[in-house]
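Let me begin by presenting the structure, written as structure tokens, before commenting on it.
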Amino acid sequence: MLYVRRVAVFVPQSRLNVEELRDPLELTDVQVQLYRRFLGMRRIAVAPEHSVLEMLTATGEAALAGADRAGVRYLIHAHTMQHAVPDSAELLARLREKLGLEHTRSFALSHQNCAAGLYTLRLAASLLRTERTASTALLLGGEKVLSPLVQQNAGLTLLGEAAAGWLVGGERPGHEVLSVAYRVLSGFHEVFGMTDEARRRYERAYIPTIAEVAREAAEAAGTSPGQVGLILPHNVNRLFLQQFGRALGVPGERVFTDNVSELGHCFCADPFINLSSALTAGLLRTGDLALLVSAGLGATFSAAVIRVGEEVGTSVGEVPGT
């Protein structure tokens with residue numbers, strides 16, 4: 001069994017209004033109104049004063065607060081873009097040093113794109129089975145927008161800059177991970193190079209597939225989407241999330257969308273940022289079930305069901321950079 005022992009997030013205070021993205025992204029007035037009025041995206045989180053290393057270090061420190069760092073066996077950085085920083089930056093080596101985890105095995109995960117964050121739960125559970133019971137893994141998700149092409153993400157959403165960290169282990173306390181489901185539709189692997197026909201097929205397949213994966217995770221946990229307390233999806237856009245809720249047959253208020261309009265889609269960190277927000281707002285209580293869902297271009301889909309456990313500490317808001 002796997003437990004999320006602590007969740008921490010880095011959400012910068014700086015924002016850009018969608019109108020401010022008109023020139024850098026070469027958006028038309030119609031596109032600006034599309035993002036605001038139909039997709040529900042008003043502002044995007046930006047972290048101009050913080051590097052990826054600073055964001056992840058701050059989040060990692062918060063996630064590790066009070067933990068036995070000698071027992072952390074793995075450090076995994078999930079990111080959407082295959083290169084979050086130049087190779088010469090030696091990101092993981094510097095992270096281990098700053099977090100006091102020089103003894104820890106570390107690697108990055110990116111080919112699942114925005115579904116990579118949730119996929120780390122499945123991966124960590126497998127890795128920790130061979131370790132001592134008290135061993136833990138520090139999982140991080142976060143990166144920065146590298147180009148205007150990336151920020152629009154195929155015109156479906158606008159990407160923001162934030163990070164999340166989740167410390168997991170095989171023992172309580174924490175939020176119990178009851179299931180993880182994952183699926184790949186490899187026919188859409190060309191992403192930005194897809195033909196118009198392939199893109200239309202992807203858009204038609206998106207909602208049915210992510211709903212199927214969410215149901216698969218719920219069934220594996222012995223429940224159904226209608227029985228979970230809250231659904232915590234990625235912040236792709238409000239229109240898609242409304243359609244997703246209808247496909248699952250759950251009321252719209254059970255799908256958490258509060259951060260869509262304020263943060264944008266923060267790569268693979270979204271479900272954990274939303275989990276932290278929901279816990280802090282009191283929308284989830286001990287014993288409640290939550291369904292975390294995400295999807296990535298390529299196309300990848302992942303979902304996980306957790307049972308909310310003891311409050312082991314969450315951190316919401318900006319964590320100062322180092």
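Convex hull volume per residue, computed on the Cα atoms of the chain, equals 122 Å³. Can you give the FRET efficiency to the nearest 0.05 for ASP288 and THR133, using r as the Cβ-Cβ distance and R₀ = 30 Å? That gives a FRET efficiency of 0.70.
In whole percent, what relative contact order does the chain give with Cα contacts below 8 Å and a gap of six or more residues? Don't jump to the answer; show the numbers that get you there.
Values: 752 pairs, mean separation 93.8, N = 322.
Relative contact order comes out at 29 percent.
What does the charge add up to near ASP270, with Lys and Arg as +1, Asp and Glu as -1, over the other residues with Cβ less than 13 Å from its Cβ? Local net charge: -4.
So for the chain: antiparallel DSSP bridges make up what percent, rounded to the nearest 5? Antiparallel bridges: around 65 percent, rounded to the nearest 5. Here the extension length gained between ARG201 and GLU171 equals 6.5 nm, from 0.36 nm per residue of separation less the Cα-Cα distance. The residues neighbouring GLU203, those whose beta-carbon lies less than 13 Å from its own, together hold a net charge of +2 under the Lys/Arg +1, Asp/Glu -1 convention. Other residues within the sphere of radius under 10 Å centred on the Cβ of ARG105, judged by their own Cβ, net out at +2 (K and R +1, D and E -1).
What value, in deg cm²/dmol to 500, does the helix sum -39500 (n - 2.57) over DSSP H runs of n ≥ 4 give at 222 nm once divided by the residues of the chain? Present the calculation step by step, with values, prior to reporting the outcome.
On the way: 9 runs with 96 residues, N = 322.
Counting only the DSSP helices, I get -9000 deg cm²/dmol.
On the basis of the beta-carbon distance and an R0 of 56 Å, PHE107 and ARG36 show a calculated FRET efficiency of 0.90. Residue-wise HN-Hα couplings along the range 252-262, as the Karplus relation 6.51 cos²θ - 1.76 cosθ + 1.60 with θ = phi - 60° gives them from phi, are x, 6, 8, 9, 6, 10, 4, 8, 4, 7, 10 Hz; Gly and Pro carry x.
A short reminder: the numbers here are calculations on the coordinates, not readings from a lab. Remember, predicted model here, so these are calculated numbers, not experimental data. Cβ atoms come from the backbone with ideal geometry, glycine included; neighbour counts cover every protein chain shown.
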